[in-house]
Amino acid sequence: MPPVVHPQNFKHAMRTLAGGVTVLASKTADGQPWGITATAVCSLSAEPPSVLICVNKTASLAPLIQEGGAISVNILTAEQEAVARAFGGMTPAKGAHRFISGNWVNGTMDVPVLADARCALECTMVDVIERFTHRIAVCVVHEVHLGGFATPALVSDHGRMVALPF
């Protein structure tokens, strides 16, 4: 297992998540990028640095969550509403075609990472718990990419996406 990041770096990264909008991204067994917009993401622990992600079992990413493996959590800036909409099913784009929206690169763990995200975490899903309608993945963080601090976070508020004021 790759080394985990320093707890202070992890805490700094999690402070960028203000009830924010994220894109969770991974790859299928045949290497196709796959992702969804998610707001059910939270810090779990600083030691080891870890997050929880919750995904509805009917979501297109749910089978990859069940399989475990690597995933990225991309915390969006207010300027990335179009990315959130594409991955949230609010455009005609489906599956790997969603990655046309945004500046995606291949991360160190071979998962898609949004290059200009406010922050991106590369993780390993170490446990998946099924509860009710959702799969809850416990993810250990191995890489933190800090980025777009000059732009406000994108926040979901009453079903609307809004910029979090500074």
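With +1 on each Lys and Arg Cβ and -1 on each Asp and Glu Cβ, and nothing else charged, work out how big the dipole of region 1-105 is about its Cα centre, in Debye to the nearest 20. The partial results should precede the final answer.
Numbers: 7 positive and 5 negative charges, 25 e Å.
Dipole about the Cα centre, nearest 20: 120 debye.
What do you reckon, how do 5, 128 stack up by accessible area (1.4 Å probe), largest on top?
128, 5
For region 1-74 versus region 84-109, the inter-centroid distance based on Cα atoms is 15 Å. A simple spin-label model places pseudo-atoms 7 Å from Cα toward Cβ; at residue 93 and residue 133 they are separated by 2.6 nm.
The Cα atoms of region 24-108 cover 39, 32, 27 Å along the three principal axes, with the biggest extent listed first.
Computed over protein heavy atoms with a 1.4 Å probe, the accessible surface of the chain works out to 47 Å² per residue.
Principal axis analysis of the Cα atoms in the chain yields extents of 35, 34, 32 Å, listed in decreasing size.
Straight-line cross-link partners of residue 94 among the aspartates and glutamates, defined as a Cα under 19 Å from its Cα and at least 8 positions apart when in the same chain: 30, 81. The aspartates and glutamates within cross-link reach of residue 27, meaning a Cα-to-Cα straight distance under 14 Å and a gap of 8 or more places when in the same chain, are 67, 110, 122. For residue 75, the accessible area of its heavy atoms, probed at 1.4 Å with every protein chain present, is near 0 square angstrom. Among 72, 60, the order of accessible area from largest down is 60, 72, computed with a 1.4 Å probe on protein heavy atoms. Please identify the cysteines of the chain that lack any partner cysteine with a Cβ under 4.7 Å from their own Cβ. Result for the chain is 42, 54, 119, no neighbouring Cys Cβ within the cutoff.
Across the options 156, 74, 145, the greatest Cα extent toward the positive end of the charge dipole of region 53-166 (unit charges at beta carbon of Lys, Arg, Asp, Glu) belongs to 156. Based on C-alpha pairs under 8 angstrom that are at least 6 apart in sequence, the chain has a relative contact order of 29 percent.
Accessible area of residue 134 (1.4 Å probe, protein heavy atoms only, ligands and nucleic acids ignored): about 60 Å².
To the nearest µm²/s, what D does Stokes-Einstein give for region 88-139 at 37 °C and 0.692 mPa s, using the Kirkwood radius over alpha carbon pairs as Rh? Estimated diffusion coefficient is 247 µm²/s.
For region 1-79, the fraction of 1.4 Å probe accessible surface lying on carbon and sulfur atoms is 55 percent.
Only helical DSSP H runs with n ≥ 4 go in: add -39500 (n - 2.57) per run for the chain, normalise by residue count and round the 222 nm mean residue ellipticity to 500 deg cm²/dmol. Could the numbers behind the result be given before it?
Working: 3 runs with 21 residues, N = 166.
Only helices count here, giving -3000 deg cm²/dmol.
Taking 18 Å as the cut-off, the amide N atoms of region 81-122 that come nearer than this to a point 7 Å along the Cα-to-beta-carbon line of residue 160 belong to 81-82, 84-85.
The values are calculated or read from the model by the stated rules, or taken from the named source; none is laboratory data. The structure presented is a predicted model; accordingly, all values stated were derived computationally and were not measured. Ideal geometry is used to build each Cβ from the backbone, glycine not excepted, and the neighbour counts take in all protein chains shown. Keep in mind that these areas ignore ligands, DNA and RNA; they rest on the heavy atoms of the full protein, side chains included. Shrake-Rupley method; radii C 1.70, N 1.55, O 1.52, S 1.80 Å.
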